[in-house]
Amino acid sequence: MALVVVTPAVATRLTTADKVIAEAGPAAADMDECDLEMLIDQASALVSGFCNRVFAMETVQETFRNGRSGPLILRRRPVVSIDAVKTAGSIVSSADVDLEAESGLLYRATGDWTGPVEVTYTSGYILPGENDSNLPGLVERATILVATAIIAGQARDPLVKSESVEGIGRTDYFAGSSALTLPHPSAESLLQSFVTPTLV
């Protein structure tokens with residue numbers, strides 16, 4: 001199976017500067033605009049990398065080298081549109097395919113798929129800051145938390161849960177696992193349902 005990007009995403013930021021500023025406060029508001037945008041790019045890349053997927057809308061061409069009797073499982077989702085399907089070099093009519101957009105399952109109505117099968121399709125979400133954004137709120141929330149943690153980490157430990165300065169003092173930390181790959185303890189749990197398994 002091979003996947004080639006035909007039309008790459010124009011933008012990949014999974015949240016906006018205004019929302020990061022609203023969460024992080026003066027620490028973000030006082031940042032240079034370019035620096036804040038670079039930080040949001042970094043947070044978005046971390047979230048996309050953790051989920052092993054591209055959230056921005058792109059057109060891709062995916063090739064399945066072998067035929068099969070069941071549906072094709074498209075790697076990118078949700079699928080916005082099927083632009084073209086070829087099987088064994090012949091064009092498949094749009095009336096001969098049935099798509100489950102959210103799961104990425106592509107069925108052939110009149111029989112089995114004979115390989116190789118080449119599917120060109122558009123998938124992904126309209127991102128925050130664009131008209132009619134439909135990126136899931138949990139993904140954007142996780143990105144805001146990651147961006148805020150990066151900002152906070154420039155001045156203090158982002159894993160500090162609470163501190164007490166009276167008496168002998170005490171600092172509580174968020175409990176993290178050795179597998180933690182995002183800089184905010186809650187971001188990973190928000191993203192669990194969006195993680196795409198790595199193909200082997």
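The values are calculated or read from the model by the stated rules, or taken from the named source; none is laboratory data. It should be emphasised that the depicted structure is a prediction, and the values quoted were computed from it without experimental measurement. Cβ coordinates were reconstructed from backbone atoms using ideal geometry, including for glycine residues, and neighbour counts include every protein chain displayed.
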Answer with yes or no whether ALA152 is farther than 17 Å from PHE50 by Cα, modelled with pLDDT under 95, of a type in the set (A, V, I, L, M) and more than 25 Å from the chain's Cα centre (by Cα). no
So, of the residues in the range 52-62 that are in a strand (DSSP E or B) and within 15 Å of GLY104 (Cβ to Cβ), which turns out to be nearest to the chain's Cα centre (by Cα)? GLU58
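Going residue by residue through the range 117-127, is there one that turns out to be hydroxyl-bearing (Ser, Thr, Tyr) and farther than 26 Å from VAL10 by Cβ?
Step one: list which residues in the range 117-127 are hydroxyl-bearing (Ser, Thr, Tyr), which gives 120-123, 125.
Applying the additional criterion that residues be farther than 26 Å from VAL10 by Cβ yields none.
Checking the range 117-127: not a single residue is hydroxyl-bearing (Ser, Thr, Tyr) and farther than 26 Å from VAL10 by Cβ.
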Identify, by number, the condition in (1) polar (S, T, N, Q); (2) farther than 30 Å from GLN154 by Cα; (3) in contact with a Leu (Cβ under 7 Å, 6 or more places away or on another chain) that SER90 doesn't meet. (3)
Conditions: (1) under 22 Å from the mean Cα position of the chain (by Cα); (2) at pLDDT 95 or above; (3) surrounded by 14 or more Cβ atoms within 10 Å (Cβ to Cβ). GLY137 meets all but one. Number of the miss? (3)
Could you list all residues from the range 84-99 that are part of a strand (DSSP E or B) and without any contact (Cβ under 8 Å) to a residue 24 or more places away in the chain? SER90, ILE91, VAL97, ASP98, LEU99
